[in-house]
Amino acid sequence: MNRKDSTLGVRVRKLELNEVEVVRRTAETEITCRISSGKKQKWNLDTGLHFFNHMIEELAYFSKFNIDATVKSPHFLLTHTVLEDTGITLGRAFYELAMIRGNRNGIRSCGSGIGILDEAYVYARISLEGRAGTYVSRHTRRFGVVEDVQEEFLESFFQGFAQGMRLTIQLDLMRADDPHHLWEACFRAFGGALEEALRLDEWKQGGIAGVKGTIE
């Protein structure tokens, strides 16, 4: 399996019912993402950003998918580019998995999740129907920087993910006194929503996008 999508610069290296690997090359980055279901494995995460690595750990754990993600650059790594491009690449991997599962078995295609860490609380909702968009409703103050990442760049990850997976993402950031807690709760909630959306559902076999019948 080696298929390229010129619109996003993504090449699908492996495509199976329970495992997908994609690579995305641009003039700025080369990103490889692999996802798989089944038995939990050790994850290989090397984005160059410690906090972002940790957030992908949270996403893997709560989505119940093994995730490997590596980021390389021929020049230098820019934080915004790393997060957005990783979102696009990882989102594309999940899109490919959703398509093969949806056509063969059917999946729910929508889901929601709650993330809680101490005082922090986030509610996430997603829908897979070809309408890419990220909508963040914030009920907490802005903290600016979280560890080694700026908050707006974390939002860029979800924007990239929505683009790569053709996904609608709604995130309600409800409560937090600590930025680390807030964004960890956010990735937990998103992982839970993703896990629900990708559950098998025979009723929807071949019809991920609902009654319109196409994801395009």
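The values are calculated or read from the model by the stated rules, or taken from the named source; none is laboratory data. Remember, it's a predicted structure, so these values are computed and weren't measured experimentally. In this analysis, Cβ positions are derived from the backbone assuming ideal geometry, glycine residues included, and neighbour counts consider all displayed protein chains.
A few notes on this one:
- Residues that are of a type outside the set (Lys, Arg) and under 15 Å from GLY130 (Cβ atoms) within the stretch 150-178 comprise PHE161, ALA162, GLN163, GLY164, MET165, LEU167, THR168, ILE169, listed in sequence order.
- The set of residues in the stretch 145-166 being assigned to a strand (DSSP E or B) and surrounded by 14 or more Cβ atoms within 10 Å (Cβ to Cβ) consists of VAL146, VAL149, GLN150.
- Considering GLU84, GLU58, the condition of being surrounded by 16 or more Cβ atoms within 10 Å (Cβ to Cβ), closer than 30 Å to GLN205 by Cα, at pLDDT 95 or above and of a type in the set (Asp, Glu) is satisfied by GLU58 alone.
Condition check ((1) part of a helix (DSSP H, G or I); (2) among the hydrophobic types (A, V, I, L, M, F, W, C); (3) over 28 Å from ARG101 (Cβ atoms); (4) out of contact with any Lys or Arg (no Cβ under 9 Å at 6 or more places or on another chain)) across all residues:
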{"position": "VAL122", "(1), (2), (3), (4)": "no, yes, no, no"}
{"position": "SER127", "(1), (2), (3), (4)": "no, no, no, yes"}
{"position": "GLY130", "(1), (2), (3), (4)": "no, no, no, no"}
{"position": "THR134", "(1), (2), (3), (4)": "no, no, no, yes"}
{"position": "PHE143", "(1), (2), (3), (4)": "no, yes, yes, yes"}
{"position": "THR168", "(1), (2), (3), (4)": "no, no, no, no"}
{"position": "LEU171", "(1), (2), (3), (4)": "no, yes, no, no"}
{"position": "HIS180", "(1), (2), (3), (4)": "yes, no, yes, yes"}
{"position": "ARG188", "(1), (2), (3), (4)": "yes, no, no, yes"}
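- Counting the residues of the stretch 27-49 that are more than 19 Å from ILE88 (Cβ to Cβ), small (Gly, Ala, Ser) and not in a strand (DSSP E or B) gives 2.
- Long-range neighbours under 7 Å by Cβ, at least six apart or interchain, first residue within 8 Å of PHE62 (Cα to Cα) within the stretch 182-195, second among the aromatic types (Phe, Trp, Tyr) and part of a helix (DSSP H, G or I): ARG188/PHE62; GLY191/TYR61; GLY191/PHE62; GLY192/PHE62; GLU195/PHE62
- Residues being in contact with a Cys (Cβ under 7 Å, 6 or more places away or on another chain) and β-branched (Val, Ile, Thr) - total across the stretch 68-110: 1
- Candidates PHE52, PHE76 - the one that is part of a loop (DSSP other than H, G, I, E, B) and within 22 Å of GLU152 (Cβ to Cβ): PHE76
- Candidates GLU96, GLU57, filtered to the one that is closer than 20 Å to ILE126 by Cα and either touching a Leu at 6+ places or on another chain (Cβ under 6 Å) or not charged (D, E, K, R) (or both): GLU96
- Complete set of residues in the stretch 129-152 that are at pLDDT below 95 and aromatic (Phe, Trp, Tyr): PHE143
- First in the stretch 49-75 and acidic (Asp, Glu), second anywhere and crowded, with 16+ Cβ neighbours inside 10 Å and in a helix (DSSP H, G or I), Cβ under 6 Å, 6 or more apart: GLU58/GLU184; GLU58/PHE187; GLU58/ARG188
- Taken over the stretch 9-22, the criterion of being buried (at least 17 other Cβ atoms within 10 Å of the Cβ) and outside any strand (DSSP E or B) is satisfied by GLY9 alone.
- Screening ILE107 on (1) out of contact with any strand residue (DSSP E or B) (no Cβ under 8 Å at 6 or more places or on another chain); (2) crowded, with 23+ Cβ neighbours inside 10 Å; (3) modelled with pLDDT under 95; (4) among the aliphatic types (A, V, I, L, M) shows it passes everything except condition (1).
- Cβ-Cβ under 8 Å pairs, at least 6 apart or on other chains, the stretch 137-162 side touching a residue at least 60 places away in the same chain (Cβ under 8 Å), far side among the aliphatic types (A, V, I, L, M) and part of a loop (DSSP other than H, G, I, E, B): ASP148/LEU49; VAL149/LEU49; ALA162/ALA132
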